[in-house]
Every structure is written in structure tokens, then in C-alpha cells.
Amino acid sequence: MTTFQDLGVREDLLRAIAELGYVAPMPIQEKVIPHLLNEDSDVVGLAQTGTGKTAAFGLPTLQRVDTSLKATQAIILDPTRELCMQTCNDLNDYAKYVDGLRILPVYGGSSIEVQIRALRKGVQIIVATPGRLLDLIKRGEVNLENVNTVILDEADEMLNMGFVDDINNILEHVPETRKMLMFSATMPPEIANIAKNYMRNPQEYMIGARNEGSANVRHIYYMVRANDKYLALKRICDYLPRVYGIIFCRTRASAQEIATHLMEDGYDADALHGDLSQAQRDAVMKKFRERNLQLLVATDVAARGLDVDDLTHIISYSLPDDNAVYNHRSGRTGRAGKTGVSIALIHSRERNKLRDIEKHMGKQFERCEVPKPNAIIEKQLFNLADRLENVEVKEDDIAEYMPQVLKKLSWLDSEDLLKRMLSLEFNRLLEYYQDAPELDYVPEKEKAKKREKKPKYDNTRDKDCRTAEEGYERVFVNAGKADGFFAPSLIELVNRNTHGERVDLGRIDLLTNYSLFDVREGDAKRVVKALKNADFFGKRIYAEVASLDKNYASETEGTEVKLNRKERRRQQFGAKERHGDRRRGHRRERDERDERRTRRDNERGFKRGPKGGKKKK
């Protein structure tokens, strides 16, 4: 077995990495370290996230530094502040036993004056974002004349973020005799141009096939309607009570919105995106690394450089524009021989995009059904049982309280006590998922098959639902479970739209396309009037006092589809119809004008020729 010592790593560095648990070099390290230490040519490394790139360039870079010289001898360019900090922390860990070495992270969002003061004391290695480093070069605070090593880390992401011009400008200030290494997950033309213009006979090392996903990652997807994505996300999180992962969104606004909704719904989540200050980003990452957060909702740019161990899941709430980015996302789980799951939440119009990603990665994604309520509740119950089994019981601390508690609960046997404990934990969950609808998107052909097998409608329950309890009146509303309309939605709708004396609600029956509920006698007409044209997430509410003679099920079935088709037709053909109306109007005006002109000519005794000329009759 090859060791780091065999690769030529110095003794003081070997001692530090041994304490960090490094035993044998990873493939990228085995190839890059001896090359940087012994060869004259430059290096292009094509490797995915989690392949050990930092040690591959970090160890030889540290070994090449002359600590007796206080000038800058190596620069490492990273696309984000987080990656700068992570790289700097790793290098400091490797250099634990190297005396006289100073490494400085330089990035935007922090005080440039503090960074300038540190630079003036002498720094051998600068880890920087391109923009801030270029700013310091222009101010004359960074001198690159003594640089012998240049590292471009995550070069493709720096390209995506628009740093190519900055990188070219920085490289013009570096001596031609320097050694250069560039790491990139992909090799777009702009990156190839940098290699061509600034690197000397670069040796390319590729770890795994290009665009290949990790073998330890299971790729699955859920297909739902676009409006149901957030509901599906919550079900997935409820089904995975021990999830520890990152939810990726395309934009900053969507990342913040989803994180806010998750927090409001009681999940341990927070957002990470470019609109946060550096202090806010650091606080979020501290909570996530300490596992005080289970879910981090992030954009791809903000998540660059997040080196977090043991992520169980990566969830793509929206698919990225670049197929390679999906591979980069999923590579954050399933590291160090562990397994992970990468989940894609898609709607029907994204199926072709998902197929492109499958071809790009050479992986077949598995379609799964959105977890059903019963399965979610069962998972949560077993998770609670596991926590009860493994909880640490502090006998001495709890002993003085036990007699009073036992006396208080002595009338309950063990089964009743367990039921009450579970109910205390799960009543909210049980109520939330009661009669919850299916969220999986079913293509039209499958829907047609299901309709053929659908049994004839039985209105027995419908009749029972329309019978109010004693002292109450029954009210109908045209929103049901298919609209995501549940008991809390109804209560909130009534409270928001009715004024004056409080309305007491009785029994509530939620059906597929409509709902029926009881109000105190005398309140029905007031409630119906208050709910007239009320809005429920874009759906106009209609209410009436329920009638025993109406079959509401048949009246409401398919109404939404008809409305949607009508709306689509209006949007599709509206412009064409308006254009046709204008043409017909112009033609009518022209005919009326010609008729007036002919009548005037006849009165004056003229007649017009075939080419429009006129002469005396």
C-alpha cells in the first residue's frame, strides 16, 4: 500500500496528517503530490467534490514554502468566502508543526483594513477570492513577484461566477517561472483557454470518468405538480426524521422563502445565500456543522466550499440549468465510503431535463412515490421508540422527582401511559395528515385507466355529510382536499372573512372537491355572505347553505379542469382572436368608406374607373 511518505511528503507534515487520521493517499493525492514536488510541468486535475483535492495541492504547496522568507510565495484562488475559510483551516491543520508559516484568507465581506494590516506583517500563503485579491493588488498591498505556486480551485465555478477576467488579470502579475495547478469538475472552453495561455505543458489527471457520479449515492426522484412541491418536500422530511442534508434552490429568493416556510412549520432549517452578511453566513454554518440544524436551504453558489461530514441526503428542490451542477450537488453525500441519497423534486415539464442529467451522469434515477401519511406516521413512531431506547437516564438527578410523578400517574397502566406519551408527541402529525391527498403526478394515460376502474359514485356519505347536527346549520364551500383545503384552512378562512360576533364551527367534512361544515343556527347566512368571493390561494370561494336535494359531488367533479382548460384556451388564442377582431374592424371601416365615396360620386355625376380614376358620366 502506498503511503504519504512514499509520495515524498515531509516529516512535519506527515506527523500532522497522521493526527488527522490520514492513512493512505486517495487517488488524486497519489497522482498530484509527487508531480507538484518533482516535475516541472503544470497540472490540470479533473475531480469531483470529496475526492481529497485540498490535501492533494495543500501538502506540496506547504512543502514548497520557504518560511525564512516573509514574502508571498503561493496563492490559492477559491470562488467563495466559505471555501476560502475551509481551505485555510485545512492548510493550518496540515501545517500544525511548521514553524514560522503564516496563511491568510482574503475575501470580500470582511474588513479590508484588517486584511491589509495582516499582509504587512508578512504572509507566505494567501487563500483568496479573485475580486478581493485583485483589489489588494491594485492598492499595492500584495506583491506577487516571489510567488512560486498558483492554485485555481473550483475553476469551473469561478467561471460561472464571472471571475475569468479577474483571474487573467491576477495571472499577469505572477512570474512565468511559477508552478500552476488548476482543479475543475468540468472543462469548459474558457477553462481550457486559461490552461492554454498560462500553463506550461499541463499534465491532466482525471479521477473517475468525466461527469461520473459517486457510486455510493442512490439517485431518486419524485414527480409532483408544480404547486405541490413544497407539500412533497415536507412529507419527505417527515418520512426522514433523521435527515441531515442540503436543499438546493436555483435563486436566493426561493431559498429564503422555502427556509422561512420550513422554520414556520417547525423544522430545524435555515437559509444560506448571497444576500446574507458574512456574520449571518458564519452563524448559519456554525449551527449546521454542530447539527443544530437538520436542513440547510442553499443556492449552488453559496454552498460551494461547504465541507460538511456525514450528510445523509441532498435534495434538489429545483433542477440546475447546468447538468454538471447536479453531479456536483449529489457529490456532497456518500463520501468516505459512506452511502447517501440524492433526491430530485420535479414536475411533469422537467422530465426531459432529468433524462439529460441521467445521460450526463451515466446514472439511472429511480422514481419513488411521495411518502403516504401512514408510512410517515409509522416512521416517526419508530424514531421516537429508538430515542426512548437510547436516551441517557440520569438516575441520580431524576431520583428525587420520581416518587411524585409515579404517584400522579399511578392510575395509568403501562399501555395507557405509552399511548398518552405517543399522543402527546403525535396528535399534531395525526391531525395534519388526516385525509391528506396523494401528491404524485399521474400522466394522462394512467389517469384514464384509473377513471375506467373507478367504481360508480356512492352518494351515501354525501347525504350523511349534508345532515347538520342538532342546533347547527350546514354550509357548503367549493374547496376540498384536492385543493389542499383542510380543517385549519377552513377555520382560518372563516375567521379572516367574518366580522362581529365569533362564529362557532361544529362538525367538518372534507371531501375531494368540496367541504361541508356546521355553524350555529342563525349564523349560516352571515357566514355564506362573508365567504362570497373569498380567496384561497387563487381559488375563488363559493358558499351556500347546504341542500339535501343537491348532489354536490357530481356538480363539483371536474370543474377545476374545465376552468383551467378555458383559461388555457383564452391565453393561447386570445391574442389571435384580438388580432382577428382588429382585421374585421378595419375591413368594415374600409367597406363603409368605399360606400360613402361611391354615393358621393353618384351625387356629383362621376364614375370611377378600374384603377380608381373618375370621369363625367
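Things to note:
- Candidates TYR230, TYR267 - the one that is in contact with a strand residue (DSSP E or B) (Cβ under 7 Å, 6 or more places away or on another chain), open to solvent by less than 60 Å² (accessible area, probe 1.4 Å), among the hydroxyl-bearing types (Ser, Thr, Tyr) and in contact (Cβ under 8 Å) with a residue 12 or more places away in the chain: TYR267
- Residues within segment 411-433 that are loosely packed, with under 11 Cβ neighbours inside 10 Å and either of a type in the set (Ser, Thr, Tyr) or over 28 Å from ALA232 (Cα atoms) (or both), tallied: 5
- Just one of the listed residues (LEU104, LEU77) is within 26 Å of ASP282 (Cβ to Cβ), at pLDDT 90 or above and crowded, with 20+ Cβ neighbours inside 10 Å, and it is LEU77.
- Meets criteria (crowded, with 16+ Cβ neighbours inside 10 Å, within 35 Å of the chain's Cα centre (by Cα) and of a type in the set (Lys, Arg)) for ARG178: no
- Strands (runs of 3 or more DSSP E) fully within segment 170-263 counting 1 or more residues that are modelled with pLDDT under 85: 179-184, 203-206
- Residue that is nearest to the chain's Cα centre (by Cα), among those in segment 310-346 that are among the charged types (D, E, K, R) and closer than 10 Å to GLY245 by Cα: ARG332
- Number of the condition not met by MET161 [criteria: (1) modelled with pLDDT of 90 or more; (2) in contact with a Ser or Thr (Cβ under 9 Å, 6 or more places away or on another chain)]: (1)
- Among the candidates LEU119, LEU134, residue that is modelled with pLDDT of 90 or more and either farther than 26 Å from GLY100 by Cβ or assigned to a loop (DSSP other than H, G, I, E, B) (or both): LEU134
- Qualifying residues in segment 128-144 (those that are among the charged types (D, E, K, R) and open to solvent by 60 Å² or more (accessible area, probe 1.4 Å)) - the one nearest to GLU204 (Cα to Cα): LYS138
- Segment 275-393 holds strands (runs of 3 or more DSSP E) entirely within its bounds, and those carrying 1 or more residues that are farther than 18 Å from ALA232 by Cα and touching a His at 6+ places or on another chain (Cβ under 9 Å) map to 295-299, 340-346.
- Sole exception among (1) under 21 Å from ASN148 (Cα atoms); (2) at pLDDT below 90 for THR3, by number: (1)
- Scanning segment 466-485 for residues being under 38 Å from the mean Cα position of the chain (by Cα) and not in a loop (DSSP other than H, G, I, E, B) gives a total of 4.
- Checking each residue in segment 185-201 for being more than 18 Å from ASP321 (Cα to Cα) and open to solvent by less than 60 Å² (accessible area, probe 1.4 Å) picks out ILE191, ALA192, ILE194, ALA195, TYR198, MET199.
- For segment 145-160, the criterion of being open to solvent by 10 Å² or more (accessible area, probe 1.4 Å), in contact (Cβ under 8 Å) with a residue 12 or more places away in the chain and among the β-branched types (Val, Ile, Thr) is met by none of the residues.
- Options LEU46, LEU14, LEU36; residue that is open to solvent by less than 40 Å² (accessible area, probe 1.4 Å) and free of Cβ contacts under 8 Å to residues at least 12 places away in the same chain: LEU14
The values are calculated or read from the model by the stated rules, or taken from the named source; none is laboratory data. No experiment lies behind these values; they were computed from the predicted model shown. So basically every Cβ, Gly included, is an ideal-geometry build from the backbone, and we count neighbours across all protein chains shown. Protein only, heavy atoms only, side chains kept; ligands, DNA and RNA dropped before computing areas. Shrake-Rupley method; radii C 1.70, N 1.55, O 1.52, S 1.80 Å.
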